[in-house]
Amino acid sequence: GQRAENLGRTNIAFSPQIITSSEIRINPLKNFYLVLTSNCVGKQYIDNTSNDDRVLDPYFVGQFKIQYSFYTKLIRNIDLHILINNITNTKYESNAWVYSYYFNGNRQKDDGYFPQAGIHFLTGISLLF
């Protein structure tokens, strides 16, 4: 069977009280851009119990992008870019799961966290016709 437990007022799962982002874009040469972005996410509960045993820690990550854009008659816009993600090599989880149940009268808890990649690089081409 199931057991009901009244938790009163709790925080909504995966709803941090603070989320911020910023972007600094520099255009040192024509069609050449340097972009620094950052994201800050506050503490998040991974279920609706507001239990500190089931929480994602706050994190701050930054990205750096180098982009060059040019134009042709056939393709309106071509962007070449290199992106460095998580430039500070922050160790963090952005998602998780939890499953709680009773077995032989004792509460059991299974949970898992999804760690994110450390510093990594991406390259790309964007075409606009």
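Within the set of pairs 6+ apart or on separate chains, which have a first residue in the range 71-88 that is farther than 14 Å from PHE32 by Cα, a second that is among the polar types (S, T, N, Q), and C-beta atoms under 6 Å apart?
Hits for this filter: ASN85/GLN63.
Which residues, counting only those in the range 109-129, are assigned to a loop (DSSP other than H, G, I, E, B) and at pLDDT 95 or above?
Those that are assigned to a loop (DSSP other than H, G, I, E, B) and at pLDDT 95 or above: GLN116, ALA117, GLY118, ILE119.
If we keep just the residues of the range 74-88 that are of a type in the set (S, T, N, Q) and open to solvent by less than 70 Å² (accessible area, probe 1.4 Å), which is nearest to LYS30 (Cα to Cα)?
Top of the filtered list is ASN77.
Return yes when LYS91 is within 26 Å of THR123 (Cβ to Cβ), open to solvent by 60 Å² or more (accessible area, probe 1.4 Å), modelled with pLDDT of 95 or more and basic (Lys, Arg) and no when it is not.
Considered against the rule, which asks whether it is within 26 Å of THR123 (Cβ to Cβ), open to solvent by 60 Å² or more (accessible area, probe 1.4 Å), modelled with pLDDT of 95 or more and basic (Lys, Arg), LYS91 comes out as yes.
Yes or no, residue by residue, for (1) touching a residue at least 12 places away in the same chain (Cβ under 8 Å); (2) closer than 30 Å to LEU127 by Cα:
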{"residue": "ASN6", "(1), (2)": "no, no"}
{"residue": "ALA13", "(1), (2)": "yes, no"}
{"residue": "LEU29", "(1), (2)": "no, yes"}
{"residue": "PHE32", "(1), (2)": "yes, yes"}
{"residue": "LEU56", "(1), (2)": "yes, no"}
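Contact list please: Cβ distance under 6 Å, first residue in the range 92-113 and more than 14 Å from ASP53 (Cβ to Cβ), second residue aliphatic (A, V, I, L, M), pairs at least six apart or on different chains.
GLU93/LEU56
Quick one: SER100 ticks every box in (1) open to solvent by less than 30 Å² (accessible area, probe 1.4 Å); (2) in a strand (DSSP E or B); (3) modelled with pLDDT under 95 except a single one, so which number is it?
(1)
The values are calculated or read from the model by the stated rules, or taken from the named source; none is laboratory data. Computed from a prediction, not measured in an experiment: that's the story for all the values here. For neighbour counting, all protein chains shown are included, and Cβ atoms are generated from backbone atoms with ideal geometry for every residue, glycine included. Side chains included, ligands, DNA and RNA excluded: accessible areas come from the protein's heavy atoms. Shrake-Rupley method; radii C 1.70, N 1.55, O 1.52, S 1.80 Å.
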